[in-house]
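What follows is a single structure, written as structure tokens, with notes after it.
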Amino acid sequence: MVVPVRVAVIGSGPAGLYTAEALIKQAAGGVRVDVFDRLPTPYGLVRYGVAPDHTSIKSIARYLQRVLESPGVRFFGCVELGRDLTRDELLTCYDAVVYATGAMVDRRLRVPGEDLPGSVAATDFVNWYCGHPDAAGHAFDLSAEDVAVIGVGNVAVDVVRILAKTPDELRSTDIPEHVLDALTASRVRRVHLIGRRGPAQAKFTTKEARELGQLPSAEIHVRPEDMEQDVTADDAAAERDRLVRGNLKVLRGWTGAPTGDRPRRIDVRFWRAPVELLGTGRVEAVRLERTRPDGAGRVVGTGEYETLPAGLVLRSVGYQSVALEGVPFDEDAFVVPNDGGRIVAADGTRQPGEYVAGWIKRGPTGVVGTNKSDAAETVAHLLADLAATPYRAAASVEELLAARGLTPVSYTDWLNLDAAEVALGASLSRGERVKLAHWDAMRDACRRTE
């Protein structure tokens with residue numbers, strides 16, 4: 001009898017679950033996959049990174065659910081690498097380990113005043129409105145009329161949209177009750193979306209831009225001079241790139257004087273770099289320097305400055321991964337060094353039995369579906385390595401966890417939590433579900449037996 005290969009996948013977001021799916025398919029039943037997550041909930045970025053009002057994207061969870069329900073796949077929630085299990089212990093329990101922990105923190109602006117209260121990483125704000133339990137106790141001061149969002153990617157646009165929508169527009173989403181209450185009390189009336197480069201270099205998708213422009217409660221404005229600067233470069237980029245062409249068309253439709261007949265306003269500011277956050281005790285304003293292209297693909301400051309009032313500054317200039325204890329890490333690129341998913345040590349040798357997938361492998365690039373081909377590459381190499389040099393796991397992860405008094409959240413437990421959220425949504429007449437966001441409430445729902 002052939003003993004199935006045992007593989008641990010660390011992280012239950014799209015990268016981790018596409019890895020589990022690829023293992024099941026490529027190994028044709030000859031593998032057992034245990035998916036670990038420090039949270040009691042699977043789906044990672046799909047659950048905690050996709051905005052509440054993007055229901056079509058969130059439906060990817062239904063596909064990932066089928067992976068978790070595949071024979072040979074198990075879910076171990078509330079088990080954290082480095083706290084509950086060490087890397088060395090995993091390697092004694094499994095034939096191979098795949099790290100798919102994503103990119104969990106924001107890059108910093110590296111400007112004076114960045115650490116003032118009121119200067120917030122966009123991931124913290126996204127985690128809060130998406131119901132991440134680590135952010136359930138966070139409080140964001142929404143009492144000021146002006147908010148600045150630094151960055152022009154999809155996450156920045158999501159943040160602007162959530163701030164600009166009315167509570168009624170969000171009521172039918174899964175946004176947690178305490179978040180909806182806070183947004184209901186919000187006094188924010190102007191949101192400034194700020195990019196240090198020009199319109200042709202904006203990283204948001206045309207679909208995201210159109211959604212922003214269709215908000216019934218907010219008018220949107222782009223200054224004509226921001227669109228006119230470096231027109232030649234914009235036009236050249238548009239000719240090469242369908243995305244840029246679509247974005248420029250939308251942005252040009254926003255230029256000109258706003259009507260002023262809607263309760264909220266979105267100002268999109270290009271060619272501005274934040275150089276300092278100002279305030280006494282907390283953020284009160286952001287100082288911007290006008291920029292221009294240098295002809296070599298970069299931008300430089302012009303020496304022209306302006307100051308925008310802002311009671312809250314949300315930094316959204318990119319994600320980065322964090323190092324895992326005992327696993328090689330490139331501190332410059334913020335990824336685990338690898339060759340097609342095979343982890344490579346500092347001396348250039350491969351780390352036997354250790355692999356990566358997703359953003360911690362390649363950086364925060366692509367869309368959710370990009371993780372599928374990325375995972376398939378890693379798994380092909382993993383299975384080829386095991387076929388050439390078989391390794392038999394010597395320990396049992398179940399026994400190890402039990403000896404420590406740890407009871408992981410199972411997939412069945414997660415379904416209890418899922419059902420509790422659906423029931424809460426029905427009881428509040430708020431749509432398909434309302435998320436539970438506090439650790440205690442989530443744990444209680446997982447253990448519910450009735």
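The values are calculated or read from the model by the stated rules, or taken from the named source; none is laboratory data. This structure is a prediction, so every number in the text was calculated from the model and none was measured. Note that each Cβ is placed from the backbone with ideal geometry, even for glycine, and that neighbours are counted across all protein chains shown.
Here are the numbers:
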read-out	value
Subset tally (residues that are within 30 Å of residue 97 (Cα to Cα) and hydroxyl-bearing (Ser, Thr, Tyr)) for the stretch 393-450	5
Looking only at the stretch 180-225, and only at residues there that are among the polar types (S, T, N, Q) and either more than 22 Å from residue 127 (Cα to Cα) or at pLDDT below 95 (or both), the one that is surrounded by the fewest Cβ atoms within 10 Å (Cβ to Cβ)	214
Search result, residues across the stretch 188-219 that are in contact with a strand residue (DSSP E or B) (Cβ under 7 Å, 6 or more places away or on another chain) and over 14 Å from residue 248 (Cβ atoms)	188, 189, 190, 191, 192, 193, 194, 196, 212, 217, 218, 219
Pairs, first outside any loop (DSSP other than H, G, I, E, B) in the stretch 295-311, second small (Gly, Ala, Ser), C-beta under 7 Å, six or more apart	301/273; 307/285; 308/148; 308/285; 309/285
Lone qualifier among 327, 322 - being touching a strand residue (DSSP E or B) at 6+ places or on another chain (Cβ under 9 Å) and either closer than 24 Å to residue 121 by Cα or modelled with pLDDT of 95 or more (or both)	322
Residue count, the stretch 52-77 (criterion: of a type outside the set (Gly, Ala, Ser), within 19 Å of residue 130 (Cβ to Cβ), surrounded by 21 or more Cβ atoms within 10 Å (Cβ to Cβ) and in contact (Cβ under 8 Å) with a residue 60 or more places away in the chain)	1
Enumerated helices (runs of 4 or more DSSP H) restricted to the stretch 114-216, each holding at least 2 residues that are within 23 Å of residue 366 (Cβ to Cβ)	122-129, 154-164, 206-213
Extreme residue, nearest to the chain's Cα centre (by Cα), among residues of the stretch 380-434 that are surrounded by fewer than 13 Cβ atoms within 10 Å (Cβ to Cβ) and at positive phi	429
Pair list, Cβ < 7 Å and 6+ apart or interchain, from the stretch 162-188 residues that are touching a residue at least 60 places away in the same chain (Cβ under 8 Å) to residues that are assigned to a helix (DSSP H, G or I) and not small (Gly, Ala, Ser)	162/129; 170/180; 170/183; 171/180; 175/129; 179/128; 179/129; 188/163
Number of the exception - residue 363 against (1) free of Cβ contacts under 8 Å to residues at least 12 places away in the same chain; (2) under 17 Å from residue 100 (Cβ atoms)	(1)
Residue 286 being in contact with a Pro (Cβ under 9 Å, 6 or more places away or on another chain) and either in a loop (DSSP other than H, G, I, E, B) or buried (at least 18 other Cβ atoms within 10 Å of the Cβ) (or both)	yes
Given (1) touching a Leu at 6+ places or on another chain (Cβ under 9 Å); (2) over 30 Å from residue 301 (Cα atoms); (3) at pLDDT below 95, index of the condition residue 84 fails	(3)
